[in-house]
Amino acid sequence: MTVVFWNRKIQQASVEDLREIQLKLLKWQVRRVYEKSVFYHKKFKEAGIKPSQISSLEDIAKLPYTSREELEANFHDVLAVPTSDIATIRMTSGTTGHPLRIAHTKRDIEMIAEASARKLTYHGVTKNDLVQVTAAYGLWQGAWSVHWGAEKIGACIIPTGPGDTERQILMIKQLGTTVLYGVTNYHFRILEVAKALGEDLRNYSLRIGICVAEKPSKEHIRMLKEGFGYEKVVIDYGATEFPGFSVQCEEERDFHHIWADFYLIEVIDPETHEPLEEGERGELVITSLQREAFPLIRYLSRDITEYAGFEKCSCGMSHPKVGVNIDREDFMAKIRGVTVFPGHVEAILSQYSELTGRCQIIADKRTPRQEVTLKVETSRTLSKEEQKSIREKIIEEARNRVGVTFNEVIFVPNGTFGGKFRKTIVIA
């Protein structure tokens, strides 16, 4: 496979060069926020840390962590630029808490556009493509990130936003959309409506599908390729707090490369906050190295993944990698002494074409044995015999691979877990 680089110098930089760039930027950012952010100045002083104490990348461990709750409560004090320099404000959806406000300067916007341009070009998007953005614009960051990147590489953008699915299909037909960006579930909604209309999307110009918000399983990717006629389906990972964060590796599809010149990452134990070694699975901690308006210093992302670290990849990049199987700490549950993430179970479900891969874990801790029910979404109607066979296999695999025994597995229809839903419910 031939990979095209938007910014060859930085994307093909060596591990040594990337580490050198990171150290230079880390020193600059720590000094800057100490001087310009009321929040970080106070936080560093309370921890007894001065910028002069940061002389190596390992010294980042001296800096205190930053929680989402702190950022929510201290928006104006976190700012490291005067309000007159703020170009735009974005906000999270508030799915796992109160909405979090994020500010960008014009330079911040340019950096997000640069990161997105690298990603799109890397995945094969060119200035000749028509990129249909079905994600929500408004205050949510995702649509804007891909929009700015597509604009930077000179592609034509069709900013439809979500909803009015029949019109989405009409745009694909009439305008010749080649790249479709949207929430994974919405890709399937478009397929469903197209089928109802008697439309075969494979007859049109679509070639790349970009899925955001939730990771599609391998079975989902196969279905999307078959239904849309995509040459490839890629996963977009990032957040309103850290836009322009990563790109899914074209060679090692189970990993995302993190742009080392924009972000420094660590992985820690989600309960003890002790640092973990490369290859271990834990909570992702993020430091923004060039962000001007709303910097992140050792931000506890609540995302759980494994950190593969720096190494020369067969795709040609040496930017550090994290696994694509990303769980939310918010969805973590301790069941009978075993730490369980929905992603552990989703990995088992992805083996079955009869299932969508989406599930919900319900743990009732009021009972002496902490009874656990697993709700599993089906991709089609299953016979009683099929349900019995799959149920037995899931229970056995979960017991062996996850360490938890489900008391019951309930099959629910496709679409039950559409949109954002609670993957884990603990009744205490």
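Rule-based calculations on the coordinates, nothing more; no lab input. Everything quoted here is computed from the prediction, not taken from an experiment. No Cβ is skipped: glycine too gets one built from the backbone with ideal geometry, and neighbour counts run over all protein chains shown.
If you run the Gaussian network model on the chain, springs between alpha carbon atoms under 10 Å, then out of ARG68, ARG399, ARG302 the most flexible one is ARG399.
Relative contact order, whole percent, for segment 1-111 stands at 20, derived from Cα pairs under 8 Å and 6 or more residues apart.
Need one word for segment 144-195: rounded, prolate or oblate. Basis is the Cα gyration tensor (sqrt eigenvalues a ≥ b ≥ c); a/c below 1.5 gives rounded, then a/b vs b/c decides. Here segment 144-195 falls in the prolate category.
So what is the 222 nm mean residue ellipticity for the chain from helices alone, if each DSSP H run of at least 4 adds -39500 (n - 2.57) and you divide by all residues, rounding to the nearest 500 deg cm²/dmol?
On the way: 12 runs with 137 residues, N = 428.
-10000 deg cm²/dmol, from helical runs alone.
For segment 332-427, count the residues as N, evaluate 2.2 N^0.38 Å, and divide the Cα radius of gyration by that value, please.
On the way: Rg = 12.6 Å, N = 96, 2.2 N^0.38 = 12.5 Å.
So segment 332-427 has a normalised radius of gyration of 1.01.
A cut-off of 5 Å between modelled amide H atoms, ignoring neighbours fewer than 5 places along the same chain, links THR356 with GLU377, THR378, SER379. When both segment 259-275 and segment 379-426 are represented by their alpha-carbon centers, they are found 32 Å apart. Indicate the gyration tensor shape class of segment 234-308 (rounded, prolate or oblate), computed on the Cα atoms with a ≥ b ≥ c the square roots of the eigenvalues: a/c under 1.5 is rounded; otherwise a/b larger than b/c is prolate and the rest oblate. It is oblate, given that a/c is not under 1.5 and a/b is not larger than b/c. For the chain, averaging the sequence separation of C-alpha pairs within contact (under 8 Å, six or more residues apart) and dividing by the residue count gives a relative contact order of 13 percent.
To the nearest 0.05, what FRET efficiency results for ARG380 and ARG167 with a Förster distance of 25 Å applied to their C-beta separation? Kindly include the intermediate steps, with their values, before the conclusion.
Numbers: r = 28 Å, r/R0 = 1.12.
My answer for the efficiency is 0.35.
The alpha-carbon of LYS50 sits under 19 angstrom from the alpha-carbons of these lysines, leaving out residues fewer than 8 places away in its chain: LYS24, LYS27, LYS36, LYS42, LYS62. Annotation: amide H of ILE335 within the under-5 Å range of VAL340, sequence separation 5 or more or interchain, hydrogens built in the peptide plane.
Couplings for segment 240-251, taken from phi via the Karplus curve 6.51 cos²θ - 1.76 cosθ + 1.60 with θ = phi - 60°, read 4, 5, 9, x, x, 7, 8, 8, 5, 5, 6, 9 Hz in order; Gly and Pro are left as x.
Across segment 176-193, computed HN-Hα scalar couplings (Karplus, 6.51 cos²θ - 1.76 cosθ + 1.60, θ = phi - 60°) run x, 3, 10, 10, 10, 10, x, 4, 3, 4, 6, 4, 6, 5, 4, 4, 5, 5 Hz from first to last residue, x flagging Gly and Pro.
Karplus-based coupling profile of segment 129-139, in residue order and whole Hz: 8, 10, 9, 9, 9, 9, 6, 5, 7, x, 8, with θ = phi - 60° in 6.51 cos²θ - 1.76 cosθ + 1.60 and x standing for Gly or Pro. Counting neighbouring Cβ atoms within 10 Å and putting the fewest first, the residues SER67, SER145 line up as SER67, SER145. In plain terms, the residue of LEU284, LEU139 with the fewest other Cβ atoms within 10 Å comes first and the most crowded comes last, giving LEU139, LEU284. Among CYS211, CYS313, what is the fewest-to-most ranking by other Cβ atoms within 10 Å? Fewest-to-most Cβ neighbours within 10 Å comes out as CYS313, CYS211.
Take the alpha carbon gyration tensor of segment 16-131, find the square roots of its eigenvalues, order them as a ≥ b ≥ c, and report rounded if a/c is under 1.5; if not, report prolate when a/b exceeds b/c, else oblate. Here segment 16-131 falls in the oblate category. To make sure I understand the rule: partners must be lysines, Cα under 17 Å from the Cα of LYS106, and not fewer than 8 residues away in the same chain. Which ones qualify? Within the straight-line limit of under 17 Å, LYS106 reaches these lysines: LYS152.
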